[in-house]
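Inspection log for the structure reproduced underneath, given as structure tokens.
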Amino acid sequence: MSESLHTRKTLIENVRKLKDDDSWEDFVHYYRAYIFAVIQGMGLSNQEAEDLSQKVLLKLWKKLPDFEYRPGKCKFRTWLCTVIRNVVISEIRSLSSRGKGYQKFKDNVDEEATFSLPEIEQLANQEWKAHIGKLAWENIKDSLSDKVIEAFLLFSEGVSTPEIAEKLNVEANTVNVYKKRVREKLLKEINLLDSELG
């Protein structure tokens, strides 16, 4: 992955040209886990979601040159969600017509009911928040000391401030400062990633 985060428009423009391998690697880095999570959230197994993620990425590779970025009209991930849904439905139909199918859909395949766009968009929004949170954590954690990270992780697990202070041999007020510092950095990074990638 390239060192600097491309803006969404620049990243997508570079991928659209199909000439910039670094941009495609960045695109895959930022979106692959999200695509997988949405497909898995549709009720498919890990292996099925992995296979379909590959098919979605291939479809995106082919379709992105036709994608027209229009700021303010809709978010990129809305279009991405539609592509994911269409690839999954297409694959289920294709397998069903050959007498095969994914385990969950072998007996009854009603794709329109199973995969309504509003339900998929709701699932996709939930997965997006989790995905962006993980990316943000990965981006900021190297800038934090081990003690700050440990305090924040303990806090995230529900450990109380006094217990964290005792475990780390610091004052409770220091633990609160650590938590606040991480929360501010994390929120700033989440907002940046959401605006750049979403």
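The values are calculated or read from the model by the stated rules, or taken from the named source; none is laboratory data. Please read these numbers as outputs of a predicted model, since none were measured by experiment. Counting neighbours? That spans all protein chains shown, and the Cβs are built from the backbone with ideal geometry, glycine included.
Take the residues of the range 154-171 that are surrounded by 14 or more Cβ atoms within 10 Å (Cβ to Cβ) and free of Cβ contacts under 8 Å to residues at least 12 places away in the same chain: which is nearest to residue 34 (Cα to Cα)? Result: 159. Filter the range 20-38 down to the residues that are within 11 Å of the chain's Cα centre (by Cα) and farther than 22 Å from residue 85 by Cβ and list them by number. 29 - this is the single residue of the range 20-38 that is within 11 Å of the chain's Cα centre (by Cα) and farther than 22 Å from residue 85 by Cβ. At least 1 residues being surrounded by 14 or more Cβ atoms within 10 Å (Cβ to Cβ), modelled with pLDDT of 85 or more and of a type in the set (A, V, I, L, M) is the threshold, and among the helices (runs of 4 or more DSSP H) wholly inside the range 1-107 those reaching it are 21-41, 46-63, 76-97. Cβ separations smaller than 8 Å between residues 6+ apart or across chains give the following pairs from the range 108-131 residues that are modelled with pLDDT under 80 to residues that are of a type in the set (Gly, Ala, Ser): 109/96; 109/101; 114/43. Note on the range 14-67: residues that are small (Gly, Ala, Ser) and closer than 15 Å to residue 131 by Cβ total 5.
Scanning the range 172-198 for residues that are among the β-branched types (Val, Ile, Thr) and touching a residue at least 40 places away in the same chain (Cβ under 8 Å), we see that the one that is surrounded by the most Cβ atoms within 10 Å (Cβ to Cβ) is 182.
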